[in-house]
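Worksheet: one structure, shown below.
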Amino acid sequence: MTFEEQVAELQKIYDQSSNIVFFGGAGVSTESGIPDFRSQDGLYNQEWKYPPETIISRSFFEYDTKEFYRFYRAKLIVKDAKPNAAHIALAQMEEAGKLSAIVTQNIDGLHQKAGSKNVFELHGSTLRNFCMKCGKSYDINYIEESKNSPDTLPHCTECSGLIKPDVVLYEEGLNDSIVEGAIKAIASADTLIIGGTSLVVYPAASLIRYFSGKNLVLINKSETSSDRDANLVIHESIGKVLKMIKI
């Protein structure tokens, strides 16, 4: 099929669906200027004192917290990023009553910024931070500004405990209630649209196996392991595709 024919087929699927769930990854946010970890220009291919996958692990957070935060502030805090065409289209789909949930691997909060309400953030969010000692919450600005503190670390104003981003690091498990909510949403969907993800990050990628609905749609620039199982595969950017759908 040509690209135009693929979009027409997606439009048909969208029109006939009443309970769509979107499962997305880093490719959804790259169009907002947020780098993908594994693309050619992604974080994994930029030089740093340690490999990025090492730095954003729980053991490294405890081993060298200063270096963790130096990397975290430089590479993972993206306050000025704005929702792109994909985020906006998905929010409109939810408002129209077509899309029931978004399950995302991203930690940037752009879906909510675009207006989406029912979002399951599998890997947490950089917008939320908490004291590991007393649990007090802090926003992203506090984490950024703490680089000017004597030890460059964010400490709680109440108990002086160390503050940690509400982000799932390597070696940490996913939040059970968020996973359960995501599974319930995927299992009840009549259409699952997977976009902007290579489906190589586990256990997040394994959640799509709970889908048993009618239409599985895959939108990603490169091939994925689930292409062969999909009703429709479009190898193109997610924003370019979704902005062409009449909602």
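What the table shows:
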read-out: Criterion (open to solvent by 30 Å² or more (accessible area, probe 1.4 Å), out of contact with any His (no Cβ under 9 Å at 6 or more places or on another chain) and either without any contact (Cβ under 8 Å) to a residue 40 or more places away in the chain or within 28 Å of residue 90 (Cα to Cα) (or both)) met by exactly one of 124, 109, 135; value: 135
read-out: Hey, residue 206 open to solvent by 20 Å² or more (accessible area, probe 1.4 Å), farther than 21 Å from residue 241 by Cβ and over 19 Å from the mean Cα position of the chain (by Cα) or not; value: no
read-out: Test result for residue 221, surrounded by fewer than 19 Cβ atoms within 10 Å (Cβ to Cβ), basic (Lys, Arg) and modelled with pLDDT of 95 or more; value: no
read-out: Matching residues, the range 228-247, being open to solvent by less than 50 Å² (accessible area, probe 1.4 Å) and free of Cβ contacts under 8 Å to residues at least 12 places away in the same chain; value: none
read-out: Residues within the range 60-85 that are in a helix (DSSP H, G or I), open to solvent by 20 Å² or more (accessible area, probe 1.4 Å) and touching a residue at least 24 places away in the same chain (Cβ under 8 Å), tallied; value: 6
read-out: Given (1) at pLDDT 95 or above; (2) surrounded by 17 or more Cβ atoms within 10 Å (Cβ to Cβ), index of the condition residue 56 fails; value: (1)
read-out: Selection count where residues are over 20 Å from residue 56 (Cα atoms) and over 15 Å from the mean Cα position of the chain (by Cα), scope the range 116-140; value: 5
read-out: Residues within the range 138-153 that are in contact with a strand residue (DSSP E or B) (Cβ under 6 Å, 6 or more places away or on another chain) and surrounded by fewer than 22 Cβ atoms within 10 Å (Cβ to Cβ), tallied; value: 2
read-out: Residues within the range 201-218 that are modelled with pLDDT under 95 and more than 20 Å from residue 18 (Cβ to Cβ), tallied; value: 8
read-out: Qualifying residues in the range 209-225 (those that are within 17 Å of the chain's Cα centre (by Cα) and not β-branched (Val, Ile, Thr)) - the one nearest to residue 107 (Cα to Cα); value: 220
read-out: Residue that is surrounded by the most Cβ atoms within 10 Å (Cβ to Cβ), among those in the range 168-195 that are more than 20 Å from residue 218 (Cβ to Cβ) and of a type in the set (Asp, Glu); value: 172
read-out: Lone qualifier among 196, 213 - being touching a Leu at 6+ places or on another chain (Cβ under 8 Å), under 23 Å from residue 12 (Cα atoms) and of a type in the set (Gly, Ala, Ser); value: 213
read-out: Tally, over the range 86-110, of residues that are assigned to a helix (DSSP H, G or I) and either of a type in the set (Asp, Glu) or more than 17 Å from the chain's Cα centre (by Cα) (or both); value: 4
read-out: Odd one out for residue 198 among (1) modelled with pLDDT of 95 or more; (2) within 25 Å of residue 74 (Cα to Cα); (3) within 18 Å of the chain's Cα centre (by Cα); (4) open to solvent by 40 Å² or more (accessible area, probe 1.4 Å); value: (1)
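The values are calculated or read from the model by the stated rules, or taken from the named source; none is laboratory data. Keep in mind the model is a prediction, meaning the values are calculated, not measured. Using ideal geometry, Cβ is built from the backbone for each residue, glycine included, and neighbour counts are taken over all protein chains shown. For accessibility, only protein heavy atoms count, side chains too; no ligands or nucleic acids. Shrake-Rupley method; radii C 1.70, N 1.55, O 1.52, S 1.80 Å.
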